[in-house]
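Participant: What follows is a structure written as structure tokens; I'll ask about it next.
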Amino acid sequence: MDSNVFISAKNAHYGMDFAPGFWDWLAAAHAAGVVYSVEAVRDELKVGADELATWVKKQPPSFFLAVDQTALDELRKLAAWVKGQSQYTGGAVATFLASADYFLVGQAKALGFTLVTHEMPAPDAKSRVRIPEACIGLGVSYSLPWRMLRNEGARFIQ
């Protein structure tokens, strides 16, 4: 799961104060081996001084995957793909390779996971490498959050 899924959920549709079921479901889905993110996302989210940072810090280390050798191999392929795309500026490439998005796409490919994000394709973008284009370039499935929730049969009832 991308950082924007967690942030948007907290700030909008699944606020922790009125939709705790969403956050409970994420934890339960992780325990069932369905939902993960990556350490780079954890690092982005835990620096905040809000309830999302607190929630992130309470999750088990296994929720946020570390880079392993298989992921490193896919990250190398992803880096080569991005650098080979002439449409992107050098700054766009450098920013992407230093971002959590880079690790999300690489690790999703290594594990055969579907990457969940709010980002939409922008094939003509030049100044930013977006997750959908990187996923397409590396052959990774991606999904919007509500599609994941429906596919997994999430229910938030009291």
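The values are calculated or read from the model by the stated rules, or taken from the named source; none is laboratory data. What you see is a predicted model, and the numbers here were worked out from it, not measured in a lab. A quick note on method: Cβ atoms are made from the backbone with ideal geometry, for glycine too, and the neighbour counts reach across all protein chains shown.
Participant: Suppose we keep only residues that are touching a residue at least 40 places away in the same chain (Cβ under 8 Å) and of a type in the set (Val, Ile, Thr) within region 124-142. Which one would you say is surrounded by the fewest Cβ atoms within 10 Å (Cβ to Cβ)?
Facilitator: Ile131
Participant: Same structure again: Hey, does region 100-111 have a residue that's modelled with pLDDT of 95 or more, outside the structural domain of Lys46 (by TED's automatic domain parsing) and not in a helix (DSSP H, G or I)?
Facilitator: no
This table checks each residue for (1) within 21 Å of Met1 (Cα to Cα); (2) without any contact (Cβ under 8 Å) to a residue 60 or more places away in the chain; (3) buried (at least 19 other Cβ atoms within 10 Å of the Cβ); (4) of a type in the set (D, E, K, R).
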{"site": "Ala79", "(1), (2), (3), (4)": "yes, yes, no, no"}
{"site": "Ala108", "(1), (2), (3), (4)": "yes, yes, yes, no"}
{"site": "Glu119", "(1), (2), (3), (4)": "yes, no, yes, yes"}
{"site": "Ala122", "(1), (2), (3), (4)": "yes, yes, no, no"}
{"site": "Trp146", "(1), (2), (3), (4)": "yes, yes, no, no"}
{"site": "Asn151", "(1), (2), (3), (4)": "yes, yes, no, no"}
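Participant: OK, next. Given the criteria modelled with pLDDT of 95 or more, of a type outside the set (Phe, Trp, Tyr), part of a loop (DSSP other than H, G, I, E, B) and not assigned by TED's automatic domain parsing to the domain that holds Ile7, does Glu133 qualify?
Facilitator: no
Participant: Give Val34, Val38, Val5 a once-over and let me know the one that is within 17 Å of the chain's Cα centre (by Cα) and surrounded by fewer than 16 Cβ atoms within 10 Å (Cβ to Cβ).
Facilitator: Val34
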